[in-house]
Amino acid sequence: MNDLLQLKGQFQHKRAQQPGAPELPAKATVTSDKLRSLAKGLEEMKRYWDTRFKEMEQYLGTRAVHFNPLISVYYKTVVAKSNRIHKLLSSRTKSAFASVVGAKFTEDERKPKHVITHCVDMETIDSTIALLNRCAEIIEIHYDGQMNSDKLKAFNEKSFRGSSENFSKTAFAHCIRDAFFVDHFGVEETHEVIDDDTIVTLYDTGYEDVISFMHSLGFIITPDRVLGNAIRLAPDEYARLVGQYPYLISMAVRDLNQVHVDKYPLEKLEVVTIPEPKNEPIIGVIDTAFDRNVYFSSWVDTPDSPYVLKPEDIEPQDKNHGTAVSSLIVDGPHINPELDDGCGRFRVRHFGVAKAGSFSSFAIMRSVRSIVKTNRDIKVWNISLGSPRGTPRNSISPEAAILDELQSEFDDIIFVVAGTNRTNPDGAEKIGAPADSINSIVVNATAFDGSRASYSRKGPVLSFFKKPDVCCIGGDTNKGIHVCTPTGEAWTSGTSFAAPWIARKMAYLMQVMNLPREVAKALIIDSATGWKFKDDHYTGYGSVPKHISDILSSPNDEIRFIITGSSEDYETYHYGIPVPIDKSAHPYIARATMCYFPKCDRRQGVDYTSTEMDLHFGRIKDNGSINALNKNQQGEEGACLYEGDARKYYRKWDNVKHIGEILKDGIRPRKKYRTGMWGIKIRTTERSSKKNGRGMNFGVVVTLKEINGFNRIDDFIKMCSQRGWIVTRINIESSIDIYNAADGEINFED
């Protein structure tokens, strides 16, 4: 077996080129009638909001709150950031991008289209109406009522007599381009009837305090009913909000949050013993309560905290699930020898926040944020709780949003979340909150024979993001996982008992092997894909190997290495990776997996992640460009790619990128170009001007397979060193020695 290698070198950075003059797509046409139709649509929106504001004054009298109108832009398709409106709905002080407060897809899942909501003042609406009408007049007078791509190119190349302080050549060109991609303007209203406690998110209309804003609308909201930008309302409160202010509701879902824990048969078995803990890594568990009478209780810390259940509120059945989950994290391989992962035992800091049966996770997730912030020494957190209800199509759950926010705020933690279990034996079910967390590792389960578990639920989330990430053995009806509970040992199954095995591996990689979370997550996912990866909504990127050695080492005919870096500009690249050559060709196939942890904004709906990192990896061609493994042409000069295709084929805006070749019979060596080098390039794109991705860390795992079965790792190491790379072998035994030495006591002599 070959050790995992770490390559350290100096990345180069490059700024993005400034965009040229606005142009229309080939054969595109915009008519003056289309511009006037858009202007009339905005005039209707003005009348709509005049009526709504008068109604509010009738409702509230002198307490009426004032805010800017909400205008939704209905596009013709799923649009790239570059094709969204630039000039329309913009003002001298605020761009159209800056006024976006929400994004969703239309209901047709086969042909989704973007609906993007802006919050703008009346003056901006008036100026946009004037701009549309003036551009329509110019087209009618000078261009026979229509502007096409050729006419707009010619227009951009000559002077424009109509330029003035408020209207310029660029404004005209942007208006024409904007109008081409927009279908119409409107207002999104929510009228869904929900006869249960509801979690509501309001559009950001500029209020500083959502509690005060709700009070000005006539609602009394206490701080304990607010989670981030979400508010929990009783059925009568929600009905009143929908009846009076349907246009303010960005998202509304039932308290997803009637979360259920798994039930399983128990049986008394023999007494088990365990040594006392030493310096083993600690994993945080957020679950139901823990029973201190079990054999491994010395390995579990249950700190007093204002965020956990009070002892007087805990009943015996409230300890079953949490105790079973922690038993796997502490001693899983001992009580399940055939699942021995080579990671040893782990200590647990257990936070009992939930009761058995149904409970509201809204309050629980409020506790999670405080627990994580006050236990910063814990790097890996296991959450094996989840909602029986599927996640909504156009929004991330408030629970998942909290997890994503925490993983963005703290660059050294990660959540491992159970993929939730199906409650209805008939038909497919979407995974439930908080398994829609984008930054977390979401784990589904398989049976012992590797087949998909009968209780599996599926992704994706937000119609696009791949969830679950991976799967591993969680047992099924024919054979369960062995766990320890307060009343004895039991055989059970569920994603609750698959997630701990991944939490153990993540803790081992991050705390024993001292790898950054980006690399650890990428290693887990890359190990699951293998050389015959198939996209699956139930198993994610595939089944993770059982033993940690299969993640940290590779067969003799493979070279696996990791590269880490951070995005400092539009392009981050290195064109000097020397893949071995034989007979003037590269006898290798390759795959690469990249992970990063972007900031997320739930209020942006389907445009949830703020930063896109686009991975290009492959041979360097004679013209200096990368021959990417997946033929990725995004960002290349002259390339034309629709946003929907970019998301489908290249996972645009997803924070996990996996590209790779399939191992098949008759595969041939790859052509060697002039330099003989391979390269990696990462292009970073932002949704807004805030540059949230500047300095964001990424981790890439690359695996090379020699198609003739030869071991060329020594040649690879030698060539990398000659090219200036610092190459380190990541050896399990050596890392364990370093970990133990680092945690040992040092005695200073007088």
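The values are calculated or read from the model by the stated rules, or taken from the named source; none is laboratory data. From a predicted model like this one, the values you see are computed outputs, not experimental measurements. Here Cβ is always computed from backbone atoms with ideal geometry, including for glycine, and neighbour counts include all displayed protein chains.
Quick check, is Val65 in the same structural domain as Leu132 (by TED's automatic domain parsing), in a loop (DSSP other than H, G, I, E, B) and at pLDDT below 90? Answer is yes for this residue.
This table checks each residue for (1) modelled with pLDDT of 90 or more; (2) under 27 Å from Pro578 (Cα atoms).
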site	(1), (2)
Ser625	yes, yes
Asn630	no, yes
Gln633	no, yes
Ala639	no, no
Tyr642	no, no
Asp645	no, no
Lys648	no, no
Ile667	no, yes
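The condition of being part of a strand (DSSP E or B) and under 30 Å from Thr684 (Cα atoms) holds for only one of Gln17, Gln6, Gln10, that being Gln6.
Among the residues of the stretch 107-123, those that are at pLDDT 90 or above and either assigned to a loop (DSSP other than H, G, I, E, B) or of a type in the set (Val, Ile, Thr) (or both) comprise Lys113, Val115, Ile116, Thr117, Val120, Asp121.
Could you say which residue among Ser72, Ser82 is of a type outside the set (A, V, I, L, M, F, W, C) and either part of a helix (DSSP H, G or I) or closer than 17 Å to Ser168 by Cα (or both)? Spell out the reasoning first.
Numbers: Ser72 fails: either part of a helix (DSSP H, G or I) or closer than 17 Å to Ser168 by Cα (or both).
After ruling out the rest, the residue left standing is Ser82.
Tell me yes or no: at least one residue of the stretch 341-363 is modelled with pLDDT under 90 and under 22 Å from the mean Cα position of the chain (by Cα). Scanning the stretch 341-363 turns up at least one residue that is modelled with pLDDT under 90 and under 22 Å from the mean Cα position of the chain (by Cα).
Among the residues examined, Ala103 qualifies as crowded, with 16+ Cβ neighbours inside 10 Å, of a type outside the set (Lys, Arg) and closer than 25 Å to Val210 by Cβ. Of the residues making up the stretch 322-364, those that are within 19 Å of Val512 (Cβ to Cβ) and either free of Cβ contacts under 8 Å to residues at least 24 places away in the same chain or assigned to a loop (DSSP other than H, G, I, E, B) (or both) are Pro333, Asp340, Asp341, Gly342, Cys343, Gly344, Arg345, Phe346. Asp126 - would you say it is surrounded by fewer than 20 Cβ atoms within 10 Å (Cβ to Cβ), out of contact with any Ser or Thr (no Cβ under 7 Å at 6 or more places or on another chain) and at pLDDT 95 or above? Yes: the conditions hold for Asp126. Among the candidates Ala418, Ala447, the residue that is in contact with an Asp or Glu (Cβ under 9 Å, 6 or more places away or on another chain) and of a type in the set (Gly, Ala, Ser) is uniquely Ala447.
It is to be established whether one or more residues within the stretch 178-185 are assigned to a loop (DSSP other than H, G, I, E, B), within 24 Å of Ala80 (Cα to Cα) and in contact with a Gly (Cβ under 7 Å, 6 or more places away or on another chain). No: the stretch 178-185 contains no residue that is assigned to a loop (DSSP other than H, G, I, E, B), within 24 Å of Ala80 (Cα to Cα) and in contact with a Gly (Cβ under 7 Å, 6 or more places away or on another chain).
The one condition from (1) in a loop (DSSP other than H, G, I, E, B); (2) free of Cβ contacts under 8 Å to residues at least 24 places away in the same chain that Glu189 does not meet is (2). Only residues that are in a helix (DSSP H, G or I), surrounded by fewer than 21 Cβ atoms within 10 Å (Cβ to Cβ) and acidic (Asp, Glu) were counted in the stretch 311-321, giving 2.
Quick check, is Thr190 of a type in the set (Ser, Thr, Tyr) and over 31 Å from the mean Cα position of the chain (by Cα)?
Details: of a type in the set (Ser, Thr, Tyr): yes; over 31 Å from the mean Cα position of the chain (by Cα): no.
No, not satisfied.
Quick one: in the stretch 26-60, of everything that is of a type in the set (A, V, I, L, M) and part of a helix (DSSP H, G or I), which residue is surrounded by the fewest Cβ atoms within 10 Å (Cβ to Cβ)? Filtering the stretch 26-60 for residues that are of a type in the set (A, V, I, L, M) and part of a helix (DSSP H, G or I), the one surrounded by the fewest Cβ atoms within 10 Å (Cβ to Cβ) comes out as Leu60.
Filtering the stretch 337-363 to residues that are among the hydrophobic types (A, V, I, L, M, F, W, C) and out of contact with any Asp or Glu (no Cβ under 8 Å at 6 or more places or on another chain) leaves Leu339, Cys343, Phe359. Within the stretch 61-79, the set of residues being surrounded by fewer than 19 Cβ atoms within 10 Å (Cβ to Cβ) and under 28 Å from the mean Cα position of the chain (by Cα) comprises Tyr74, Lys76, Thr77. Taken over the stretch 616-673, the criterion of being farther than 30 Å from Tyr75 by Cα, among the basic types (Lys, Arg) and surrounded by fewer than 17 Cβ atoms within 10 Å (Cβ to Cβ) is satisfied by Lys621, Lys664, Arg668, Lys671, Lys672. Residues in the stretch 608-656 that are part of a helix (DSSP H, G or I), without any contact (Cβ under 8 Å) to a residue 40 or more places away in the chain and in contact with a strand residue (DSSP E or B) (Cβ under 9 Å, 6 or more places away or on another chain): Tyr650 alone.
Of the set (1) touching a residue at least 40 places away in the same chain (Cβ under 8 Å); (2) in contact with an Asp or Glu (Cβ under 7 Å, 6 or more places away or on another chain), all apply to Ser527 but (1). Does any residue of the stretch 701-713 turn out to be within 18 Å of Met513 (Cα to Cα), in a helix (DSSP H, G or I) and assigned by TED's automatic domain parsing to the domain that holds Asp582? No: the stretch 701-713 contains no residue that is within 18 Å of Met513 (Cα to Cα), in a helix (DSSP H, G or I) and assigned by TED's automatic domain parsing to the domain that holds Asp582. In the stretch 194-246, of all residues being part of a loop (DSSP other than H, G, I, E, B) and at pLDDT below 85, the one that is surrounded by the fewest Cβ atoms within 10 Å (Cβ to Cβ) corresponds to Glu208.
Of the residues that make up the stretch 721-731, is at least one in a helix (DSSP H, G or I) and more than 30 Å from Pro460 (Cβ to Cβ)? Let's see the steps before the verdict.
Step one: filter the stretch 721-731 for residues in a helix (DSSP H, G or I), giving 721-722.
Going one step further and asking which of them are more than 30 Å from Pro460 (Cβ to Cβ), we end up with 721-722.
Among the residues of the stretch 721-731, at least one is in a helix (DSSP H, G or I) and more than 30 Å from Pro460 (Cβ to Cβ), which makes the answer yes.
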